Amino acid sequence: MPQPVINLSRGMPPVELFPTEELIECGEAALRRDGDVLLQYGRSPGYAPLREWLGEQHGVGPEQVLIGNGSLEILSFATQTLLRPGDRAFVESPSYDRAITMLRRAGAQVVGIPMEDDGMDMAALDGELQRGPPALMYLITDFHNPTGITTSLEKRARLAALAEEHGFWIAEDSPYRLLRYEGQDIPSLWSLAPERVLLLSSFSKLLAPGLRLGYAVGPADAISTLANWAVDTYIGPVLPTQGMVYEYCRRGLLERNIERLKGVYRPRLQAVLAALEKHLPQASWPRPEGGFYVGVTLPQGVEMASLLARSEEARLKLSDGRGFFPHPPDGDRFLRFPFCSVTPEEIEEGMSRLACIL
Ligand code: PMP
């Protein structure tokens, strides 16, 4: 029998952690209580009680909250309303591959700013700003996908000041923020520049991605622009899952679920860091304090195409690091390790297989 494949490539939550029974109950309760609203065409900014609840969590009124079918689609609305073809969009390099695609699809010229262990390289950013400000900057400030890096408070303050000075928009994509396993929270960029930042977040990693439930918090006029765009796209978003999740939050279950997830994910992060030290001491990586990923730069001399071919023979599934870089060759030695869906034993075995094929 061939040994089982170890998948170190996909950033999905493990299915056994979905709170299915509780969601069934909450869905039923929501439909019984408010079925007429949840099954009708809804208002484009989302189910009113959930908007209200999310606003309270962020200390703003519901007019500053838009709920949609996943945060990625809201990002696509933002790229279509804030960018014109030919505009520059700055992203971290590497960044979330789908966000890069989305910016390009809106016609943006995507400029990658290299990352350091505490966020964007600010000297490189200053250099690019001298060539002209972007219309939009896309950042993942907490437990970045794909590196796991968290942007320091100093860099957040500088980014906030630059957005205000140059008048550009920042989309701060923060789906992992509440999954912190160590250390202290850092104020969001949105809290530092609320007039310039659209904060995006999601229930995909806190509950289940199939709910397709994401949201944006931002200035009321920007939220209203996004809501108008949403009406012309789908009239109103899918509401039954919004009712279900509102009921879940109203019952105080979300916080408990997040604690449960942290209890499973924390040892997986520790296992991946320990396995890297043991098996890949010649590589380099940051030390994430939360989220789903650790991004690893492999030693000089490794070449992605041949590594991927060897990994198939070793029954190891890896993601091609080049996909995360606006300039793909920059990712020729980069691997992203999502650690949440693999057990500590699989992580140890996977890293040991990788060490053998480097
Ligand atoms: N942003 C980032 C940074 C992500 O990593 C992901 C999921 N991989 C998403 C957005 C997608 O979020 P949603 O499911 O809410 O569309």
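The values are calculated or read from the model by the stated rules, or taken from the named source; none is laboratory data. Bear in mind that the values here come from a model prediction, so they are computed numbers and not experimental data. Cβ coordinates were reconstructed from backbone atoms using ideal geometry, including for glycine residues, and neighbour counts include every protein chain displayed. Protein only, heavy atoms only, side chains kept; ligands, DNA and RNA dropped before computing areas. Shrake-Rupley method; radii C 1.70, N 1.55, O 1.52, S 1.80 Å.
Quick rundown of the values:
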read-out: Close pairs from the range 152-179: first open to solvent by 10 Å² or more (accessible area, probe 1.4 Å) and within 16 Å of the ligand (Cβ to nearest atom), partner assigned to a helix (DSSP H, G or I) and among the β-branched types (Val, Ile, Thr), Cβ under 7 Å, at least 6 apart; value: Leu178/Ile258
read-out: Residue identified as more than 21 Å from Cys340 (Cβ to Cβ), within 13 Å of the ligand (Cβ to nearest atom) and hydrophobic (A, V, I, L, M, F, W, C) among Leu129, Leu125, Leu139; value: Leu139
read-out: Test: residue in the range 204-213 that is away from the ligand (no atom under 15 Å from the Cβ) and open to solvent by 10 Å² or more (accessible area, probe 1.4 Å); value: no
read-out: Residue selected from the range 157-199 under the condition of a type in the set (Lys, Arg) and farther than 30 Å from Ala271 by Cα, by the criterion nearest to the chain's Cα centre (by Cα); value: Arg196
read-out: Residue among Gly112, Gly107, Gly127 that is within 17 Å of Phe325 (Cβ to Cβ) and at pLDDT 95 or above; value: Gly112
read-out: Candidate set: the range 180-193, residues that are buried (at least 18 other Cβ atoms within 10 Å of the Cβ) and among the hydroxyl-bearing types (Ser, Thr, Tyr); chosen: the one nearest to the ligand (Cβ to nearest atom); value: Ser188
read-out: Only listed residue being hydroxyl-bearing (Ser, Thr, Tyr), in contact (Cβ under 8 Å) with a residue 12 or more places away in the chain and touching a Pro at 6+ places or on another chain (Cβ under 8 Å), chosen from Ser202, Ser188; value: Ser202
